[in-house]
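Shown next, in structure tokens, is the structure this report addresses.
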Amino acid sequence: MKPFLIRSSVARRLFLGAQGLLADPRRRATKAELLKTIQGMGFVQVDTINVVGRAHDLTLFSRLESYRPTQLGILLEKDRSLFEGWTHDASIIPSVWYPQWKPRFRRDQPRIEAHPWWRNLLGEEATTICAQVLERVTTEGPLGSADFEHPEKRGPWWGWKPQKAALDYLWRTGRLGVAGRVNFQKRYDLAERLFPEAHAEVEPEPEAHLEWACSSATERLLVFSVKELAAFWNSLDLSEVRRWCQRAAREGRILPALIEALDGSESQPGFVVADWETRLTHFAEAISAIRLLSPFDPILRDRARAMRRFGFDYRFEAFVPEAKRVYGYYVLPLLEGEDFVGRIDLKLHRNRGCLEVRGLWWEFGIRPTKARMKKLHAALEGMAAFSGATEIAGL
């Protein structure tokens, strides 16, 4: 079939709807709704930086205004309906999909062992140290890096001690799982104790895993290039994903398309779900309020895609040297309806309960009208309540 043009406005709306940003954020954040939201997104990225809130909490708060972090803790550490695993980075994932991580566990083991980071930290001691760590967890139950003593920390990678590297390796290769966190430090236990039923399931065959990974990613993107589909779970080679797309197109499940870009670049070849027009009618109209998005929101994960779909050039600058930053250390994008209208630099001063606005920038052509500023104030008040601040300063 000859590719047809998908307008940028359609591609944007399909993506926002697939990632839960067209649903009304004022709905109740029940346990069932929270799990449904994460399942709909596919996963939520985890990050250690805590300037205003943790990345995963901010991502969920932008979709469920009444969400609080303790709710996620229950799903992760008590119900075990979610687990911490690896996609493109550390992420929170529905446990129903745990067996689909078994091919990744097997694939990642030789990759980690061949990495200079691993060889530098453990070298010839790797087998012995991993066996000792695994034995202690088996005998003692959940343990973290702080439970292991070592006379020195090694290597250029964050000064990790060997036992910490061993814990991470055993987690990345499926022997251990994250039982919980204390002060955001992971505590690990045997995966078979944490997820007995899912752990007992057999590893899916390669074709079954290919079908699951591509079809599940398709549902969470709706319109995509082959590269974007492969990057969603980051578990397959590009050639495998291309082969799946060709087969799915022949079967009429997806349609070849040219995806119009907002940034002036050429339309991008890709695919769209076959029933895309029906999907559009099922999405609610985006609320006109302003939402403060996490810098790690999946909408922004791919900078080039954000430029094409939204005409929004966003770069996370926490890892950029201060002198070279254009905006700030932890800048949150402002989404109004279906458009990015600006960005804001926030800092939570926990010792005095103050949410400080350190900088505010509107996109070109966006005017700070009274109505828009009222929406921004409402968004900041919501963020202050979420983060425990009692005052807002700097705006």
Among the residues listed as Leu280, Leu262, Leu332, Leu258, the single one being in contact with a Lys or Arg (Cβ under 7 Å, 6 or more places away or on another chain) and assigned to a strand (DSSP E or B)
Leu332
Could you figure out which of (1) open to solvent by 40 Å² or more (accessible area, probe 1.4 Å); (2) modelled with pLDDT of 95 or more; (3) in a loop (DSSP other than H, G, I, E, B) isn't true of Glu356?
(3)
Helices (runs of 4 or more DSSP H) fully within region 1-62 counting 1 or more residues that are surrounded by fewer than 20 Cβ atoms within 10 Å (Cβ to Cβ) and of a type in the set (S, T, N, Q)
8-18, 31-41
Hey, which of the helices (runs of 4 or more DSSP H) in region 71-157, taking only ones fully inside, have at least 2 residues that are of a type in the set (Asp, Glu) and free of Cβ contacts under 8 Å to residues at least 24 places away in the same chain?
126-140
Within the set of pairs 6 or more residues apart or between chains, which connect a residue that is farther than 15 Å from Leu5 by Cβ and modelled with pLDDT of 95 or more inside region 269-280 to a residue that is in a helix (DSSP H, G or I) and open to solvent by 50 Å² or more (accessible area, probe 1.4 Å) with Cβ atoms less than 9 Å apart?
Val273/Glu219; Val273/Arg279
Conditions (1) in a helix (DSSP H, G or I); (2) surrounded by fewer than 18 Cβ atoms within 10 Å (Cβ to Cβ) -> Pro269 fails only (1)
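Among the residues of region 376-395, which ones are of a type in the set (A, V, I, L, M, F, W, C) and not in a helix (DSSP H, G or I)?
Within region 376-395, the first condition is being of a type in the set (A, V, I, L, M, F, W, C), and the residues that meet it are 376, 378-380, 383-386, 389, 392-393, 395.
Matches in region 376-395: Ala389, Ile392, Ala393, Leu395.
Please tell me if Glu317 is open to solvent by less than 40 Å² (accessible area, probe 1.4 Å), out of contact with any Asp or Glu (no Cβ under 6 Å at 6 or more places or on another chain) and closer than 20 Å to Ser8 by Cα.
For Glu317, the condition - open to solvent by less than 40 Å² (accessible area, probe 1.4 Å), out of contact with any Asp or Glu (no Cβ under 6 Å at 6 or more places or on another chain) and closer than 20 Å to Ser8 by Cα - is not met.
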Which pairs do you get when a residue that is closer than 14 Å to Ile290 by Cα and of a type in the set (Asp, Glu), found in region 56-70, comes within reach of a residue that is assigned to a loop (DSSP other than H, G, I, E, B) and open to solvent by 20 Å² or more (accessible area, probe 1.4 Å), reach meaning Cβ atoms under 7 angstrom, with the pair 6+ apart or on two chains?
Glu65/Arg26
Considering region 366-375 alone, what residues qualify as being closer than 17 Å to Glu338 by Cβ, in a helix (DSSP H, G or I) and open to solvent by less than 50 Å² (accessible area, probe 1.4 Å)?
Arg372
When you look at Pro156, is it over 30 Å from Val51 (Cβ atoms), at pLDDT below 95 and open to solvent by 70 Å² or more (accessible area, probe 1.4 Å), yes or no?
no
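Of everything in region 170-194, what is assigned to a strand (DSSP E or B) and either among the charged types (D, E, K, R) or open to solvent by 40 Å² or more (accessible area, probe 1.4 Å) (or both)? Give them in sequence order.
Residues satisfying the conditions are Arg181, Val182, Gln185, Lys186, Arg187, Asp189.
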Test result for Glu219, open to solvent by 70 Å² or more (accessible area, probe 1.4 Å), in a helix (DSSP H, G or I) and closer than 30 Å to Arg301 by Cα
yes
Of everything in region 195-220, what is within 21 Å of Phe271 (Cβ to Cβ) and touching a strand residue (DSSP E or B) at 6+ places or on another chain (Cβ under 9 Å)? Give them in sequence order.
Ala217, Thr218, Glu219
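The values are calculated or read from the model by the stated rules, or taken from the named source; none is laboratory data. Please read these numbers as outputs of a predicted model, since none were measured by experiment. So basically every Cβ, Gly included, is an ideal-geometry build from the backbone, and we count neighbours across all protein chains shown. Calculation scope for accessible area: heavy atoms of the full protein, side chains included, ligands and nucleic acids excluded. Shrake-Rupley method; radii C 1.70, N 1.55, O 1.52, S 1.80 Å.
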